[in-house]
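Since the structure comes first, as structure tokens, the remarks are kept for the end.
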Amino acid sequence: MNTSVAVLGGGAAGFFGAITCAEANPHQTVYLIEKTGKLLSKVRISGGGRCNVTHAADTPAQLVLHYPRGAKQLKEPFRQFDAQATIRWFESRGVRLKTEPDGRMFPVTDSSETVAQCLLDAARKAGVRILTQTSPATIEPLPEGTFRLQLVGAHAGEMIVEKLLIATGGAPKSEQYAWLRELGHSIQEPVPSLFTFNVPESPLRDLPGVSVPHVRVRVAGEKLEYEGPVLVTHWGVSGPAVLKLSAWGARRLHELGYQSTALINWIPEHTEDSLRQYLREFREQHGKKVVASNPLFGLPQRLWRTLTEQAGVTDEVRWNELPAKPQNKLVEALLNTALPVRGKTTYKDEFVTCGGVMLGEIDMKTMESRRVPGLYFAGEVLDIDGITGGFNFQAAWTTGYLAGRAMAEVKSEIVT
């Protein structure tokens, strides 16, 4: 029997759901409906235009560690379709992936167009009917278990479908989820995730472009900290450590109004005691070296000079001449540079929200609504978000895959 399925959203989750459904059941007509004229826009801009497809993780248990929201609920979905399944899926369609030292995985072409074109080709080959510049003005569940969509835009008209997948992505404002509330779903209020810290009165304001590969960033007075690379910017601080901290602390930082003090430990391998011991030994062995012009711990020269200036270390003073007071201030600067955070900045164009459709209302084995039979969800419209590194795309592939298999009425199984 020929049935029809509609997928709302032309992003990663929507395409994956549509392709999976169409390939699993060729007798269904699958429509992919995108309100704009652009398909896979986030795929194209992610990873600086290279597309961070997924993250190298051997097991679902490793994967779930990287999701501030949704980790527990993703355990079973990742058993069905994990990072290894993603790699096989793309490689079986001619897109080979490579792993970078930090675990991020990109196409060997280093071009996001490779990934976008693969998805477009797979959708067309599977017979997915793509309708752009089209959106539903209304969605009406009908008594017989189908859905009536009143479409507006380039393909205006009425459409009745048996299954409906919503993969419209995250939204920054609560009112943008009103239509999902009307369908009977509860929404976890959205707040931003993956953002950088604005520090208008930064003691590092003259160091834009300086990066340090391993620091610890924490929020004073909170149980929030993360280790990793940091980049000093014109407006404050960025880099993976800040972005990941912002993801784990998304709700608390929102409650604080993005007003806090970030403390940076530039040498997280040291405690105060071990640092003081190290400096005593260094002073004994290299007492004649000028403090300000000989950076320690591999720190960039510009950063080191700034930290010594703030500690009151004059330009020509040598280690064996360094008074106790500026040395104490230098120890404090190395372990706890205080940055008064006064706001946030979206990271490039890769906006991620924390929030969305509550997961308790979703059957995570099939991604079907527990409230509206035949209605499915995938991707960032759900209250799932990962830290930077390919985890949000992996959640999109996994939830899209499970929804697609379920809508095709084919028993879910691991892709080989």
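Between helix 391-407 and the chain, what is the angle of the helix's C-alpha long axis to the longest principal axis, kept within 0 to 90° and rounded to the nearest 10?
Approximately 10 degrees, to the nearest 10.
Want the number for T345 to R318: 0.36 nm per residue separation, take away the alpha-carbon distance, what's left? Provide the component values of the computation, followed by the final result.
Working: separation 27, 0.36 × 27 = 9.72 nm, distance 4.04 nm.
Contour length minus Cα-Cα distance gives 5.7 nm.
Would you work out which of G37, A156, S238 lies farthest towards the positive end of the dipole of the chain? Charges go on Cβ: Lys and Arg +1, Asp and Glu -1.
So the residue furthest toward the plus end is S238.
Starting from the exponent 0.38 and prefactor 2.2 Å, build the expected Rg for the chain from its residue count and divide its actual Cα Rg by it. Write down the numbers at each step before the final one.
On the way: Rg = 25.2 Å, N = 416, 2.2 N^0.38 = 21.8 Å.
Taking N as the residue count of the chain, the ratio is 1.16.
Anyone know which of T271, T388, T29 comes out most mobile in the 10 Å Cα GNM of the chain?
Its mean-square fluctuation being the largest, the pick is T271.
Based on alpha-carbon centroids, what's the gap between segment 181-213 and segment 290-339 in Å, whole number please?
30
Taking the Cβ of L207 as the centre, find all other residues whose Cβ is under 11 Å away and add up their charges (Lys, Arg: +1; Asp, Glu: -1). Each step should come with its number before you reach the end.
On the way: positive: R205, R302, R305; negative: D206.
In short, +2.
Estimate the FRET efficiency between S186 and V108 by the formula 1/(1 + (r/R0)^6), using the beta-carbon distance for r and 56 Å for R0, to the nearest 0.05.
Values: r = 42 Å, r/R0 = 0.76.
E between S186 and V108, to the nearest 0.05, is 0.85.
Once Lys and Arg get +1 and Asp and Glu get -1 on their Cβ, which of A262, V313, L279 lies farthest toward the positive end of the dipole of segment 242-387?
Positive-most Cα among the choices belongs to V313.
Add -39500 (n - 2.57) for each DSSP H run of 4 or more in the chain, then divide by its residues: what number comes out at 222 nm, to the nearest 500 deg cm²/dmol? Mind dumping the intermediate values first?
Details: 13 runs with 133 residues, N = 416.
Value at 222 nm, helices only: -9500 deg cm²/dmol.
Placing +1 at every Lys and Arg Cβ and -1 at every Asp and Glu Cβ, with all other atoms neutral, what dipole size does segment 157-277 have around its Cα centre, in debye to the nearest 20?
Numbers: 11 positive and 14 negative charges, 16 e Å.
Result for segment 157-277 is approximately 80 debye, rounded to the nearest 20.
What per residue convex hull volume, in Å³, comes out for segment 102-179 when only alpha-carbon positions are used? Present the calculation step by step, with values, prior to reporting the outcome.
Numbers: hull volume 13.6 nm³, N = 78.
Measuring per residue, one finds 174 Å³ for the Cα hull of segment 102-179.
GNM on the chain, C-alpha springs below 10 Å: top fluctuator among K72, K42, K223?
Evaluated over the chain, the most mobile residue of the options is K223.
Any chance you could give the angle, 0 to 90 degrees and rounded to 10, that helix 71-80 forms with the longest Cα principal axis of the chain?
The angle comes out at about 60 degrees.
Please report the equivalent ellipsoid semi-axes of segment 144-219, computed as sqrt(5 x eigenvalue) of the Cα gyration tensor, largest first, in whole Å. Walk me through the numbers on the way to the answer.
Values: eigenvalues 412, 46, 31 Å².
The answer is 45, 15, 13 Å, longest axis first.
Give, in nm to one decimal, the length gained when the segment between V290 and R276 is fully stretched (0.36 nm per residue of separation minus the Cα-Cα distance).
That pair, V290 and R276, stretches by 3.3 nm at full extension.
If you place +1 on the Cβ of every Lys and Arg, -1 on the Cβ of every Asp and Glu, and leave all else neutral, what size is the dipole of the chain about its Cα centre, to the nearest 20 Debye? Kindly include the intermediate steps, with their values, before the conclusion.
Working: 46 positive and 44 negative charges, 82 e Å.
Roughly 400 debye for the chain.
On a 25 Å Cα-Cα criterion, which of the cross-link pairs K344/K365; K72/K163; K38/K173; K223/K344; K163/K244 come out too long?
Flagged as over cut-off: K344/K365; K72/K163; K163/K244.
List the GluC sites (Glu not before Pro) in segment 294-391 that DSSP assigns to loop (not H, G, I, E or B) and whose Cβ has at most 10 other Cβ atoms within 10 Å. Which are they?
Here the GluC sites (Glu not before Pro) that fit, given the DSSP loop and packing criteria, are E316.
Taking other Cβ within 10 Å of each residue's Cβ, how do F282, F78 sort, fewest first?
Values: F282 14, F78 22.
So the ranking, lowest neighbour count to highest, is F282, F78.
FYI, it's all coordinate maths here, none of it is from the lab. Because the structure is predicted, anything quoted here is derived from the model rather than measured. Here the Cβ is made from the backbone with ideal geometry for all residues, glycine too, and neighbour counts use every protein chain on show.
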